[in-house]
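> One structure coming up, written as structure tokens, with questions to follow.
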Amino acid sequence: MGMRLRRISLRNFRNLREVELSPSPEYNLLLGPNGAGKTNLCEAIYYAARGELLKGERQRELITWGEGWASLELEVDRDLLRIVLDGTTRVKRVEVNGEGISSRGLTVYLRAIAFTADDLQIIKGEPQIRRGFLDGAVAELFPGHRSCWRRYERVVREKNHLLRQGKPDEALLSIYREKMVELGASLISRRLWYLKELNRELALLRDRSGLDLRLGRPLRLEYLPSFSLLELPEEPEELKKWLAEGLAAISAEERRRGLSLIGPHRDDLRFTCGGIDLRRFGSQGEQRTAIIQVKLAQLELHRRRFGSHPVLILDDLLSELDPRMGRLLLSALPPGVQAFLTATELRPPLTELPARVYRLEGGELKEEA
């Protein structure tokens, strides 16, 4: 079973001036032409769960043009979440059951995993996008990972500043290297654990659903360290030793270039199918299917960690997928998950879902019989 969104009420949120719905505890289809407000409704759910946006817009852009405020109310199980955005003061107030909390506290009451077309950049884009995806995913399960990453980034910035000096203080450089080893090993250790568990869930998903990208070849995510002095160890203490040796080996080059050249801030991630790099050789459809499979595997990691599935948002899921693959993906949705799917029209295989259907047009929503 998953957490249940029982009611959604939006006022002046993007093009949704006044929208209210009581969604199905299972499947909800949001239909309508492009620009109708489907993605905006999904954005509202995600924003209420994360306190952040699917895309990187500013808060002011969430408020309907010409209005000074916006509000979101979501009833989740027995809790009422309310977010009020003030366009004049740019203040955001977040409440749960009438009491103010921080945005970060929202995940206690509502969790969400979303797929959008922009997620293809996780495979196709630059390494920093993949690092951000991985660290964000780890932090969803272990919030302390986020603060560890911030401390590590601060150490790297300060070390880089020191390296750019003509003759850096060697004692201070040594202190920074020690901090990078301590924090960096912790970050890499959590990343490796997460990928190990995610790959396990991907294999189980394939066994359950028959989802294959290329003739039975399994989808895997591989960690690519920024240097290959030795084989990457998994034990934390061995990781520290491995990272310390790498930093020592590269120290002269770092001084020459005035830059920290190795560590988790330079590592990468590779999506493979039977050993084939999907970034280089995967089709758009294969990349899309791979990301969706990862999202479905993440659902199970959340269930194992918290005891329930998060809400699932699938924005334009079936675009660029053939009906067979679309049907396989829909059949792979775990029982008990509450899902919101968007599409421009109702067609197979969406017609086969026992779903509550909503149609949006011009920011107005109507439930279809």
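Just so you know, all these numbers are worked out from the coordinates, no wet-lab data involved. This one's a predicted model, so the numbers in the text were calculated from it and none came from an experiment. Reconstructed Cβ throughout: ideal geometry from the backbone, glycine too, with neighbour counts over all protein chains shown.
> Between Glu320 and Gln121, what length in nm is gained on full extension when 0.36 nm per residue of separation is reduced by their alpha carbon distance?
Taking Glu320 through Gln121 to full extension adds about 70.1 nm, to one decimal.
> So, one more: Take Glu20 and Glu368, extend 7 Å from each Cα along the Cα→Cβ direction, and tell me the distance between the two endpoints in nm.
Distance between the two pseudo-spin positions: 2.4 nm.
> Follow-up. Quick one: pull the percentage of alpha-carbon pairs in the stretch 129-279 with a separation above 18 Å.
Above the 18 Å cut-off, the stretch 129-279 has 61 percent of its Cα pairs.
> May I pose another question? If you line up the long axis of helix 236-257 against the longest principal axis of the chain, both from Cα atoms, how many degrees apart are they, to the nearest 10?
70
> Which of Lys167/Lys241; Lys92/Lys240; Lys92/Lys196; Lys196/Lys366; Lys92/Lys179 have a Cα-Cα distance over 32 Å? Working shown, then result.
On the way: Lys167/Lys241 27 Å; Lys92/Lys240 41 Å; Lys92/Lys196 38 Å; Lys196/Lys366 43 Å; Lys92/Lys179 36 Å.
Going by Cα-Cα distance, Lys92/Lys240; Lys92/Lys196; Lys196/Lys366; Lys92/Lys179 fall outside the 32 Å limit.
> Could you tell me the calculated FRET efficiency between Leu204 and Arg164, based on Cβ-Cβ distance and R0 = 56 angstrom, to the nearest 0.05? Mind showing how you got there, number by number?
Working: r = 48 Å, r/R0 = 0.86.
It comes out at approximately 0.70.
> Between Glu178 and Glu253, how many nm apart are label points set 7 Å from Cα along the C-beta direction?
Reported label-point gap for Glu178 and Glu253 is 2.6 nm.
> Let me ask something additional. Hey, what's the Kirkwood Rh for the chain if you take every pair of different alpha carbons, in angstrom?
22.4
> Taking the Cα centre of the stretch 129-279 as origin, sum charge times position over the Cβ atoms of Lys and Arg (+1) and Asp and Glu (-1), and report the length of that vector in debye to the nearest 20.
Using only the charged Cβ atoms, the result is roughly 540 debye.
> Given points 7 Å out from each Cα along the Cα-Cβ axis, report the Ser331 to Ser226 separation in nanometres with one decimal.
It is 4.5 nm.
> Could you work out the helix-only [θ] at 222 nm for the chain, with each DSSP H run of four or more residues adding -39,500 (n - 2.57) and the total divided by the number of residues, to the nearest 500 deg cm²/dmol?
Helix-only estimate at 222 nm: -13500 deg cm²/dmol.
> Apply 1/(1 + (r/R0)^6) to the Cβ-Cβ distance of Glu153 and Arg280, taking R0 = 30 Å, and write down the FRET efficiency to the nearest 0.05.
0.55
> Which value, in debye to the nearest 20, gives the size of the charge dipole of the stretch 247-369 about its Cα centre, when Lys and Arg are +1 and Asp and Glu are -1 at the Cβ?
560
> Relative to the Cα centre, what is the charge dipole magnitude of the chain, using +1 at the beta carbon of each Lys and Arg, -1 at the beta carbon of each Asp and Glu, and rounding to the nearest 20 debye?
On the way: 60 positive and 54 negative charges, 121 e Å.
It comes to approximately 580 debye.
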